[in-house]
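Report on the following structure.
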Amino acid sequence: MALFDMSINELRAYRAEFPAPDDFDEFWSKTLAEAREHELDARFEPVDTGLSGVDVFDVTFAGFGGHAVKGWLVLPAGTSEPVPAVVEYIGYGGGRGLPHMHLLWASAGFAHFVMDTRGQGSAGWAEGATADPVGSGPAYPGYMTRGIDDPHDYYYRRLYTDAVRAVEAARSHPLVDASRTAAVGVSQGGGVTIAVGGLVPDLAAISPDVPFLCDFPRAVSLTDRMPYREIGSYLKARRADPAHALRTLSYFDGVHFAARGRAPALFSAALEDQTCPPSTVFAAFNAYAGQDKTIEVYDFNDHEGGGPYQQAVQLRWLPGRLRAGRDG
């Protein structure tokens, strides 16, 4: 796959022209306030995994609507004092999988909280364990158009709310240092990470890799790959009012959350990425309000991005931010 998007100089200058709704902040303030009317009820059940280097807990907490959301908490074995935490969100279609899939951050000495993704985890690569009990109107198969007629009903309202509550659940554990908590994720997980960065003001750091869910108007007109193509296929059948769907999406666009993020941020983009085109990633990066921000660029990669190379960058970059914490 050859380069298909803007040049690197154009990417570094690109700004999305997709304004946030006037009531964007009010919408999210009310959404989170409604979620917090339910007790967090975070429960951590020890799991015998046969892994000697980590202690694993099966997590359940109350997310959007008080719905039960699952996760894993993986700690370095024998942890006795609070340690910094990395909260991770999963890519599109995946679930929390099995504990031995999540050893990187505990191996580096951190608590690792992995949030399951409601309604997902049936795509064949990582099993999920969290239902999405909320229905939707007409939608294209997948998650991108579920409830798209109204931002209050849209699937990602529930998922982003779960993600904020996941930070709160992780911080509630006595062996997690709440002042040193980061959010990370790849693709959909990266988009969720950006949203959490805009909604949780006191994170120590965020690290979204090749993030999805950014600059929706450009994404849906530039790439015909799934999952963005779900939106195009939906609008192909519902010709009358595409602006209505785009207005709903404006409440969930990573560009608008990035404009509200302040934590140190490490992004990544891949210049041959047709799933999450690099211009959409740079739209969020360039809008990001925090002053401590950097982006790794992988010139000849598609949506796999940096993969283990980006993890190596994170292992050099993130510990310093987490050790300093939000007050450092």
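The values are calculated or read from the model by the stated rules, or taken from the named source; none is laboratory data. Values in this document were obtained by computation on a predicted structure and should not be read as measured data. Cβ placement follows ideal geometry from the backbone for every residue including glycine, while neighbour counts extend to all protein chains displayed. SASA here: full protein model, heavy atoms, side chains in, ligands and nucleic acids out. Shrake-Rupley method; radii C 1.70, N 1.55, O 1.52, S 1.80 Å.
If I take R0 = 30 Å and measure r between the Cβ atoms of Arg238 and Ala2 in this structure, what FRET efficiency does the formula 1/(1 + (r/R0)^6) give, to the nearest 0.05? Result of the calculation: an efficiency of 0.35. Under the shape rule built on the C-alpha gyration tensor, where the axes satisfy a ≥ b ≥ c, the range 179-328 is oblate, since a/c reaches at least 1.5 while a/b does not exceed b/c. Run the accessible area of the range 234-328 with a 1.4 Å probe and give the carbon-and-sulfur part as a rounded percent. Percent of accessible area from carbon and sulfur atoms in the range 234-328: 50. Taken over the chain, the alpha-carbon convex hull comes to 125 cubic angstrom per residue.
Between Ser52 and Glu34, the modelled label-to-label distance comes to 5.1 nm, taking each label 7 Å out from Cα in the direction of the beta carbon. Within the straight-line cut-off of under 16 Å between alpha carbons, the aspartates and glutamates reachable from Lys30 are Asp22, Asp150, Asp153, Asp162, sequence neighbours fewer than 8 places apart in one chain being disregarded. Accessible area per residue for the range 156-276, computed on protein heavy atoms with a 1.4 Å probe, is 26 Å². A simple rule links phi to the HN-Hα coupling: the Karplus curve 6.51 cos²θ - 1.76 cosθ + 1.60 with θ = phi - 60°, which for the range 254-264 gives x, 4, 6, 5, 4, 5, 10, x, 10, 5, x Hz, with x for Gly and Pro.
So if we plug the beta-carbon distance of Arg225 and Ser179 into 1/(1 + (r/R0)^6) with R0 = 56 Å, what FRET efficiency do we get, rounded to 0.05? So the FRET efficiency works out to roughly 0.90. Proximity of backbone amide H atoms, modeled 1.01 Å from N, is registered between Val87 and Phe113, Ala182, Ala183, Val184 at under 5 Å, excluding neighbours fewer than 5 places apart on the same chain. Result for the chain in a Gaussian network model with C-alpha springs under 10 Å: among Asp241, Asp224, Asp41, the largest mean-square fluctuation is at Asp241. Here's how it looks for Phe212: its modeled amide H is under 5 Å from those of Ser187, Gln188, Gly190, Gly191, which are all 5 or more places away or on a different chain. Loop-located trypsin sites (Lys or Arg not before Pro) across the range 1-69 with a Cβ neighbour count of 10 or fewer within 10 Å are lacking, with loop assigned by DSSP.
Remark: the Asn9-Asp153 segment gains 48.0 nm on full extension, using 0.36 nm per residue and subtracting the alpha carbon distance. Close amide H partners of Val54, meaning residues 5 or more places away or on another chain with modelled amide H under 5 Å apart, are Ala77.
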